[in-house]
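Structure provided below as structure tokens; questions to follow.
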Protein chains: 2
Amino acid sequence: MATTIERSPEYKVVGTTPTRTDAIEKVTGKAQYAADIYLAGNLYGKILRSPHAHARIKSIDVSKARTLPGVKAVATHEDFPPIPDAVMARENEALNLRHLRDNVLASEKVLYEGQPVAALAADSPHVAEEALSLIKVEYEVLKPVMTVLEAMQPDAPVLHEKLPSGATMEQTHPNARRLLLQSGDIEQGFREADVIVEREFTTAMVHQGYIEPHATIVDVKRDGRMTVWTTTQSAYSYRDQISKILLIPQSMIKVIPTECGGAFGGKEVARLEPVAAILSRKAGKPVRIAMSRAEDLSATGPAPGCYIKVKIGANKDGRITAADMYFAYEAGAFPGAPVVQAATLGMGRYNVLNQRAEGYDVVVNRPKQNSYRAPGGPQIHFATEQLVDELAEKLGFDPIEFRRVNAAKEGDRNIQGIVYSRLGGEEVLQAMRKHPHYTAPLEGPNRGRGIAIGFKPGGGGVSWCNISVNPDGTLSMLSGSPDMSGTRLTTAMQAAETLGLPVELFSSGVGDSDDGGFATGSWGSRTAVATGAAAHNAALDIIKKMTERAAKIWGIDVEDVSYDEGVFTSRSDESKRSTFKELAEKLNSTGGTIIGQAVLEGVTIPPVAGHIIDVEVDPETGKIDILRCTVVQDVGRAIHPDIVEGQLQGGTIQGIGFALTEEYYYTSEGRLANKSLLDYRMPVALDAPHVETVIVEVPNPRQPYGVKPVGESTMTTPPAAIANAVYKAIGVRLSKLPMSPRNVLEAIWEQKA
Amino acid sequence: MATTIERSPEYKVVGTTPTRTDAIEKVTGKAQYAADIYLAGNLYGKILRSPHAHARIKSIDVSKARTLPGVKAVATHEDFPPIPDAVMARENEALNLRHLRDNVLASEKVLYEGQPVAALAADSPHVAEEALSLIKVEYEVLKPVMTVLEAMQPDAPVLHEKLPSGATMEQTHPNARRLLLQSGDIEQGFREADVIVEREFTTAMVHQGYIEPHATIVDVKRDGRMTVWTTTQSAYSYRDQISKILLIPQSMIKVIPTECGGAFGGKEVARLEPVAAILSRKAGKPVRIAMSRAEDLSATGPAPGCYIKVKIGANKDGRITAADMYFAYEAGAFPGAPVVQAATLGMGRYNVLNQRAEGYDVVVNRPKQNSYRAPGGPQIHFATEQLVDELAEKLGFDPIEFRRVNAAKEGDRNIQGIVYSRLGGEEVLQAMRKHPHYTAPLEGPNRGRGIAIGFKPGGGGVSWCNISVNPDGTLSMLSGSPDMSGTRLTTAMQAAETLGLPVELFSSGVGDSDDGGFATGSWGSRTAVATGAAAHNAALDIIKKMTERAAKIWGIDVEDVSYDEGVFTSRSDESKRSTFKELAEKLNSTGGTIIGQAVLEGVTIPPVAGHIIDVEVDPETGKIDILRCTVVQDVGRAIHPDIVEGQLQGGTIQGIGFALTEEYYYTSEGRLANKSLLDYRMPVALDAPHVETVIVEVPNPRQPYGVKPVGESTMTTPPAAIANAVYKAIGVRLSKLPMSPRNVLEAIWEQKA
């Protein structure tokens, strides 16, 4: 159970732990995921994927496949409508659209193994499978380039004729775009330093490892309108991508987000949906496509591997005076790696006046990377938190104290000049120091304790929430935010608290894309923060409208009506009294139903997290065992402490997988060698340590209940904390993720040599 | 094509005829009706129905059925939760709930052939069918009573121990409740009359004859929450009935209205849904139940037959001085016939100062009646419009002129004292008089021309509408009103007109019950009127919010921003200009999406309709042929004239079926003898005459575009107009519906005798 440091006794719903709305369904296997949805007469779609990491497509012959009995439609890149002149006139927009399309159905080249080349729909999945083998694609195989350092060589194979430019990104190599951010005076900063440390690091491409592979079913009507059931973090982003790719107005596309079996950033991009839409339109029937695990691992959007070189200086007072970060992140086949995020996350949790970040977004012959829980974060924290540890050691500081001295505070600025609001870094470090784990004896050889702190800002973006008052006094709430972590409940809890009603009166659901014009997706740890605030505002809207209705019914001034704990009363005449339920029953005969509504932009805020991790390293095999693991996070306010605890534990375990075992293993020809969950090693229950959690509450001043973003920060630090523990255990600094037995052994041998 | 008398040139969208949203889907057979929905692993439910019209249930033995392999759940009345003490304490409420339940699954007695007695769900429909035959029900068969006059006899078989009483209804017989309404001084009125006519009439029970039988699929989650897909006129009424019957909070029930294949009042009541919910809860799987046509005809809610006696007096000036109406309507097995409606419709289109209506709501061993297009209207108009015709003849008036003299006008009151707003009776009568049909020669023996006018007030109730502005400038609109007649389009057209945008930018859909707390169902001709007004208000809300946003972006006062025809402009600085689309693209970076919202109560208004019908009667066979048929209606404003024309034609054809061929034919044991569409004779294309339409537009002053309710009024007059034509043709007054060959012949023989 969670240890809560600061609690909020003034609340009745916030801070309690009612059963999650989706819990029973999921546990009993009754929840309807995208692949559980069948429509009468639906066809089965399958996708032909590139066997090559890099090749030119010379021809695609679908004639044999098309005539196989049972095949109802075939799709290739030819089925995309021509790019309009207006878009072609804007070069970047045209390039981005071509990339979006090429990742859905390749045109001139294939850029990674698994890239879709053609698709078809048939009466049965078996016929579809057979028909795939009848499609003849002629390729001119090209040399692939698999790592950022190779890709940035002058003579590297080139993926694209041109990369789109951007406000902050400048193309510096056929395969790379550069970001340069600076604050203060980096040279002066290093001159002020008493100790300077510098190291190089590499990390591996890893997958989000959600349980549910991508799946969709699309039903295109004769007039071109379509309904899309899919597993997504955002009905709106999928709608908008389908709209862009197929040039269909957004109003003609209804995206219904189904129950989602995990995403962690991996379900932001419509991959199957535009293909299923083309096939459905051609066949005049719904088309269902579900990825196999191998397809999902090899051809969705994993997190990028990278190369990082960081130099940090500090003075004898323990102040970090300068940080210089150079890094190159794998974009995969198309540009867009999280380099801005890496730059801001790099030293963001500290107040470092002199900083420089030179980041490269590098295309390589791998699937186009996508967000994964704190995008860019675990990689750069792996580097910077080891160097911070090293500086503390060299300057003779306790590692927590060193971090406390440098921790960013309200009013400090990050590398972009953005001013921080109330951070909980100080409180998190205090909680780590006070935790019994930090001072517990750790005996035995090859054992060590490491810490790290990190953060990932979140909580921004647009949310909407509608709450309808039902005639029996219950409430039906809808938002545009798919539920990744119990947010149907935690957002409703905030509305219930505001209304002074039990949350059990609420149903809380996820709207489809027609239920509101737009909401930012459920990513960036934003839903409980921003959609929760929208739910609060929608509840206030209900109070306002019901107060007006009570005044109307009683024939008194609105100002004379008070509302408290579910009861409306006249201030001047206490006989005029109505419970929420009683008034709800009267709404439809006194002016109509009441729908509370709110739209808002959430506010981004960085929540600090930290880990204390004990490890034991087997110097013979290189295997790292985690002996004890404690996670501490400032969550602002824990609406539902059990769910928050689950987030902290989940982020930690995923961070441990990132740290120890997970990696995309490509052959020299650029073929993924471990595209099954037996070979791609995510932590399973037997690998995962018990994760002790400490919830710190430093309320967010810009959220009605003080909620801060929770999902991502705890993901940033496990690799660094483990690496720091390994150093304590065996005196070896690890520079390569994953810290697999092989990589650990190599580091041990290298140090010995 | 429609002849439009008054047009509205000031509008750009209103009055045009874009293609209906649902047209292509329906015409190509792709529209998804309730019975088209399958869920993974759904079971098939079947219902065991009473073979008796009246019997006591001694026992139900489901043990054999339950153990048949493949049967997953069985339901009987025993599965309903006990009625709470609080409800039991309120006798009427308890009685109503018992009736509601008994009509879903009978408890102590069965009261009509076809009443559900037990239900089960199995892996396949065939197993379910077989299992039904294994349920053993022991009945004590009782004598049925099939007509109102028999049921009101002192020694009639009694259906219920007690009937609920009501504010206006008083129980006067074990089988009957009485309504008494009076206005003015009925005795004095008859004393002032120069001519008095009096006649008796009977009409038959008829069915709405929608194409799509009742069907549902219900998925109950483990925590009791359920999703219900069904064909309905109101997601909310179904939700609320399921909630009442099963004692489940409304927030736990999501009702999704599917595409609806006709309803006409027949889909207001949840019949299958509570049963499917019980079965689904027990089986832990979705349960699908679809009625056969025989089940639908024999066990849904047809329109009541009735007995009517009316006496009307008028003076030499042609003024009606008094009207005395006595009528008894079949309630079917449970009380609730439309007697208030009959009383107000009886003479409502005329200004009759002295009126009396004594109406009986009589239970008989037939299915519980339900609404059918202008409930109670065709029956009472059949009586009163014949007598009005007779008075006109006896007083030497032209039948149109006589009606014009008496037509109710703005400010007149009905029998309940309700004051009329702007009626179009005068204009409709003028249009009838001016129409070439009225003065066209009609030669040949046994031919005659009849007219009748009538009305059915409509347009009231609660509607909500949400319109979301999508980032690409298209709009997604939702309302709580299922689309019975193209209202997705006609309500969006009103919003488009208000916004000055093409309606093609809109998607317009029907929300489920979670999308808004409540909306009155799509009945009472209300949707284009009330939901259309809500759409207008939601569009105004968008204009308000987008104007505020433009002001915010431009840094100017809201008052400085004007909006016209899709363009926002600064009044003071014309360089500040943004099209709707341009501003829509900016919303999500300037404060979030915009959702226009409105809830309103519609205003009830009576729209007058009239028919001119020429017939030829074959005196040998009694068959009536319609030679020519013209319908005229004041629609206030035709938003989409083609759809309005379709409504006028549809109401006319259904009225002709009511008039000439349709009737429930029961055997002496109370078994329905014609429960197929071969034997229950609705007009088919070969029977239906071409219906000429005249759209009169006398704008409704209380609806933004002047729309009046359209659906029902034209249904009230065909029987009367045909009867008046028959009288002109052969000099015989018909008093019995349907005016089938048999009934016509009997009337001819009676007059000869």
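Quick one: grab Rg to one decimal and Dmax as a whole number for the protein assembly as shown, Cα atoms only, in Å.
Final numbers for Rg and Dmax: 36.9, 128 Å.
Where does chain A land on Rg/Rh, using Cα atoms and the Kirkwood Rh?
Working: Rg = 27.1 Å, Rh = 27.3 Å.
In chain A, Rg relative to Rh is 0.99.
Something else about it: Enter the mean number of other protein chain beta carbons within 10 Å of the beta carbon of each residue in B:474-482, as an integer.
Averaged over the peptide's residues, the number is 4.
Sorting A:Asp642, B:Asp614 on the 10 Å Cβ count, fewest up front, what's the list?
Result, fewest neighbours first: A:Asp642, B:Asp614.
Related question: Would you mind counting up the charge near A:Asp317? Only other residues with Cβ under 11 Å from its Cβ, with Lys and Arg at +1 and Asp and Glu at -1.
Around A:Asp317, the surrounding residues sum to 0.
On to the next question. Quick check: net charge around A:Glu358, other residues with Cβ under 13 Å of its Cβ, Lys/Arg +1 and Asp/Glu -1?
Once all neighbours under 13 Å are counted, the net charge is +2.
While we're on this one: State the volume of the convex hull built on the alpha-carbon positions of segment B:268-413, expressed per residue in Å³ and rounded to an integer.
So the per-residue Cα hull volume is 141 Å³.
Restricting things to alpha carbons, tell me how big segment A:461-602 is in terms of Rg and Dmax, in Å.
15.4, 49
With each run of n ≥ 4 DSSP H residues scored as -39500 (n - 2.57), what mean residue ellipticity at 222 nm is computed for chain A after dividing by its residue count and rounding to the nearest 500 deg cm²/dmol?
Taken over chain A, the calculation gives -8000 deg cm²/dmol.
Chymotrypsin sites (Phe, Trp or Tyr not before Pro), restricted to segment A:597-675: which are DSSP loop and have at most 15 other Cβ atoms within 10 Å?
Working: sites: A:Phe658, A:Tyr664, A:Tyr665, A:Tyr666; in loops: A:Tyr664, A:Tyr665.
Listed in order of number, the matching sites are A:Tyr665.
Averaged across the residues of A:501-507, what count of C-beta atoms belonging to other chains lies within 10 Å of each residue's C-beta?
2
Can you list the aspartates and glutamates whose alpha carbon sits under 12 Å from that of A:Lys409, skipping same-chain ones fewer than 8 residues off?
List returned: A:Glu426, A:Glu427.
Leaving out same-chain residues fewer than 8 places away, which aspartates and glutamates sit with a Cα under 17 Å from that of B:Lys136?
Straight-line reach from B:Lys136, under 17 Å: B:Asp61, B:Glu78, B:Glu108, B:Glu113.
Next question. If you take each beta carbon of peptide B:583-596 and count the beta carbons of other chains within 10 angstrom, what is the mean?
The mean count of partner-chain Cβ atoms within 10 Å per residue comes to 5.
Evaluate the charge dipole of chain B about its Cα centre and quote only its size in Debye, nearest 20, assuming +1 on the Cβ of each Lys and Arg and -1 on the Cβ of each Asp and Glu.
1140
Setting aside same-chain residues fewer than 8 positions from B:Lys143, which lysines have a Cα under 27 Å from its Cα?
B:Lys58, B:Lys109, B:Lys162, B:Lys368, B:Lys675, B:Lys736
Hey, another quick one. Just need the relative contact order of segment A:461-602 here, percent rounded to a whole number, with Cα pairs under 8 Å and 6+ apart.
37
Further, regarding this structure: Counting other Cβ atoms within 10 Å, which trypsin sites (Lys or Arg not before Pro) in segment B:155-221 have at most 16 and lie in a DSSP loop?
Working: sites: B:Lys162, B:Arg177, B:Arg178, B:Arg191, B:Arg199, B:Lys221; in loops: B:Lys162, B:Lys221.
Answer by residue number: B:Lys162.
While we're looking at this one, here's another question. On the Cα set of segment A:57-118, report Rg and Dmax in Å, please.
Here Rg and the maximum Cα pair distance are 13.9, 44 Å.
Got a sec? How would B:Glu663, A:Glu443 order by Cβ neighbour count within 10 Å, fewest to most?
A:Glu443, B:Glu663
Loop-only trypsin sites (Lys or Arg not before Pro) in segment A:55-96, please: DSSP not H, G, I, E or B, and at most 13 other Cβ atoms within 10 Å.
A:Arg90
Over all directions, the average projected area of the alpha-carbon convex hull for segment A:148-193 comes to how many nm²?
About 4.8 nm², averaged over all directions.
Order these by the 10 Å Cβ neighbour count, fewest first: B:Val694, B:Val141, B:Val362.
B:Val141, B:Val694, B:Val362
Relative contact order of chain B: what whole-number percent is it, with Cα pairs under 8 angstrom and at least 6 residues apart? Could you put the intermediate results ahead of the total?
Details: 1931 pairs, mean separation 121.7, N = 753.
Result for chain B is 16 percent.
With Cβ to Cβ distances under 11 Å as the rule, what net charge do the other residues near B:Leu501 carry (K, R +1; D, E -1)? Display every interim value, and only then the final one.
Details: positive: B:Lys12, B:Lys581; negative: B:Glu497, B:Glu504, B:Glu565.
Residues near B:Leu501 contribute -1 overall.
No value in this document is a laboratory result; all are computed from the given coordinates. All values derive from a computational prediction rather than experimental measurement. So basically every Cβ, Gly included, is an ideal-geometry build from the backbone, and we count neighbours across all protein chains shown.
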